[in-house]
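*Asks:* Mind looking over this structure? Questions follow.
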Amino acid sequence: MLSKVISAAYLMLWISSCAAAEDPYMTRALQLMSETPLIDGHNDLPWQLRMRFNNELNKVDLNTLDTTHTNIPKIKEGRLGAQFWSAYVPCESQYKDAVRQTLEQIDVVHRMCQKYPETFMFATSSHDIMTAFSMNKTASLIGVEGGHSLDSSLGTLRLMYQLGVRYLTLTHSCNTPWADNWLVDTGADPSEHNGLSAFGKQLIAEMNRLGMLIDLSHVTQAVMHQVLDMSAAPVIFSHSSAYSVCPHKRNVPDDVLRRVNETRGIVMVNFYNDYVTCSKTANLSDVADHFDHIKKVGGAGIVGFGGDYDGVGRLPEGLEDVSKVPKVVAELLRRGWSDVDVKAALGNNLLRVRDGLRDKSPDDVPIPYDEVKNTCRTSYGYQTPNTGAVHSLSTLGLLLTLALHAVIT
């Protein structure tokens, strides 16, 4: 069965090569993608594995899975050099079991790499990405999508870093006890912090120290500016597009694009129709318009790919799954992008911003208890009466055990 799948994958590659021979822009696109890894900022396949198979990888074969935007043949055809897999759990898990569920999503990425070592190589650095690329494998990195996954703990942040997480999206579609989410700008949610709280600013500094990328997709414009004011490292938007092209609050306005350029960050274009055209339909040309606009306002040095495959329900005509991404590269070349600029967008920009700062001692001051107090949280360690009656293994203890196991193995 596997041999048939591999044969089918090679057949698709041969067909795409024949098509490329008829299109000089596609021929050039595939050549550039063979020289520079396509690094995509956001893919929700891990969430699909949870929802469809409860993370039981023995019940699914990524060589033959055909109900998702992403599988191994599509990855090969799409020339995906590196992928930030999203460790996402819904906002409903906040104050409940968000940390546990996020750990399980981190775990499923590790297990996916272990099950398909001929396709995926787990990666945490630019060096790892290039090593995987040289081996014709897809470098697999992890981004945690939503600060609620931390349960307001710097210790949790640090231990997730030890488990391989290399970016944190500060919020998803809910406020955390320390940051406002994008829905505040729509009026759907109230502002609770006027952007970031004091603890939110502590967290930004600790991410800088660790070398963990700060992802500003899903936050308010106030948070965008506050982080750009204080971050000592470049920031990313892992899956957002241009607000001037489609005025959706999940997109990035021009003044922020200019600041991202000044701070040498990156905006990775989202392919979701609602963020591309602000409607239910879109096409390849509409997506390329976002690349053009971001390049015009912020320069070719801030552009990247963040398709959001398997995390959205509507995708542009011609970009229905990850196998189609080379069409975007060919379209940019057709529009006059230089080889250097295309390679920057493919992966060189992300490789540049990947390096962070780590030159201080860890910040071990916890968030004030009053800012996180609820019936599901005990107060051990705080100078306040402890209402918990049962002493149990803490979440941080579990994280430490997992991190130590990861280091040993």
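The values are calculated or read from the model by the stated rules, or taken from the named source; none is laboratory data. Small disclaimer: the values here were computed from a predicted structure and weren't measured. Glycine also receives a Cβ, built like all others from the backbone with ideal geometry; neighbour counts cover every protein chain displayed. Keep in mind that these areas ignore ligands, DNA and RNA; they rest on the heavy atoms of the full protein, side chains included. Shrake-Rupley method; radii C 1.70, N 1.55, O 1.52, S 1.80 Å.
*Asks:* When Lys and Arg each count +1 and Asp and Glu each count -1, what net charge do the other residues less than 12 Å away from residue 265, Cβ to Cβ, add up to?
*Replies:* Details: positive: 258, 259, 264, 352, 354; negative: 215, 262.
Value of the local net charge: +3.
*Asks:* Also, quick follow-up: Among 302, 62, 284, which residue has its Cα positioned farthest towards the positive end of the charge dipole of the chain, with +1 placed on the Cβ of Lys and Arg, -1 on the Cβ of Asp and Glu, and the dipole taken about the Cα centre?
*Replies:* Comparing the listed Cα positions along the dipole, 62 ranks first.
*Asks:* Which three extents, in whole angstrom, do the alpha-carbon atoms of segment 20-109 cover along their principal axes, largest first?
*Replies:* 54, 25, 18
*Asks:* If we count every other residue with Cβ under 13 angstrom of residue 87's Cβ, Lys/Arg +1 and Asp/Glu -1, where does the sum land?
*Replies:* Values: positive: 50, 100, 111, 166; negative: 44, 104, 107, 145, 215.
Counting the neighbours of residue 87, the net charge comes to -1.
*Asks:* Tally Lys and Arg at +1 and Asp and Glu at -1 over the other residues with C-beta under 12 Å from the C-beta of residue 285: what net charge comes out?
*Replies:* Computed value for this residue: -2.
*Asks:* Then there's this: Just flag the GluC sites (Glu not before Pro) in segment 317-373 sitting in loop per DSSP whose Cβ has no more than 15 other Cβ atoms within 10 Å. Show your work: numbers first, answer last.
*Replies:* Working: sites: 317, 320, 331, 371; in loops: 320.
Passing both the DSSP loop test and the Cβ count: 320.
*Asks:* Next up: Here are several values of P(r) over Cα pairs in 20 Å bins from 0, in percent: [x] 21, 43, 27, 9, 0; [y] 21, 47, 30, 3; [z] 28, 58, 13, 1. Which one was derived from the coordinates shown?
*Replies:* Structure-derived value, by its label: [z].
*Asks:* Given springs between every Cα pair under 10 Å in a Gaussian network model of the chain, which of 168, 38, 62 has the largest fluctuation?
*Replies:* Maximum fluctuation in the GNM of the chain, among the listed residues, is at 62.
*Asks:* Quick one: how many Å² of residue 259 are accessible to a 1.4 Å probe, rounded to 10?
*Replies:* Residue 259 has an accessible surface of roughly 50 Å² with all protein chains in place.
*Asks:* So what is the relative contact order of the chain, in percent, for Cα pairs below 8 Å that sit 6 or more residues apart? Walk me through the numbers on the way to the answer.
*Replies:* Numbers: 768 pairs, mean separation 74.4, N = 409.
Computed over the chain, the figure is 18 percent.
*Asks:* Using the Karplus curve 6.51 cos²θ - 1.76 cosθ + 1.60 with θ = phi - 60°, work out ³J(HN,Hα) for each residue of segment 135-141 in order, rounded to whole Hz, and write x for Gly and Pro.
*Replies:* For segment 135-141, the Karplus-derived couplings read 9, 6, 10, 8, 5, 10, 10 Hz, x marking Gly and Pro.
*Asks:* Leaving ligands, DNA and RNA out of it, work out the accessible area of residue 369 with a 1.4 Å probe and give it in Å² to the nearest 10.
*Replies:* Probe radius 1.4 Å; accessible area of residue 369 about 30 Å².
*Asks:* How much length, in nm to one decimal, is gained on full extension between residue 374 and residue 355, taken as 0.36 nm per residue of separation minus their Cα-Cα distance? Before the final figure, lay out each step's value.
*Replies:* Numbers: separation 19, 0.36 × 19 = 6.84 nm, distance 3.72 nm.
Gain on extension, residue 374 to residue 355, equals 3.1 nm.
*Asks:* Could you compute how fast segment 109-264 diffuses translationally, taking Rh as the Kirkwood radius over C-alpha pairs and applying Stokes-Einstein at 10 °C with viscosity 1.306 mPa s? Give it in µm² per second. Walk me through the intermediate numbers first.
*Replies:* Working: Rh = 16.4 Å.
Rounded to a whole number, D works out at 97 µm²/s.
*Asks:* Right, another one. Against the globular-protein guess of 2.2 N^0.38 Å, express the Cα radius of gyration of segment 241-331 as a ratio, rounded to two decimals.
*Replies:* Details: Rg = 12.2 Å, N = 91, 2.2 N^0.38 = 12.2 Å.
Segment 241-331 yields a ratio of 1.00.
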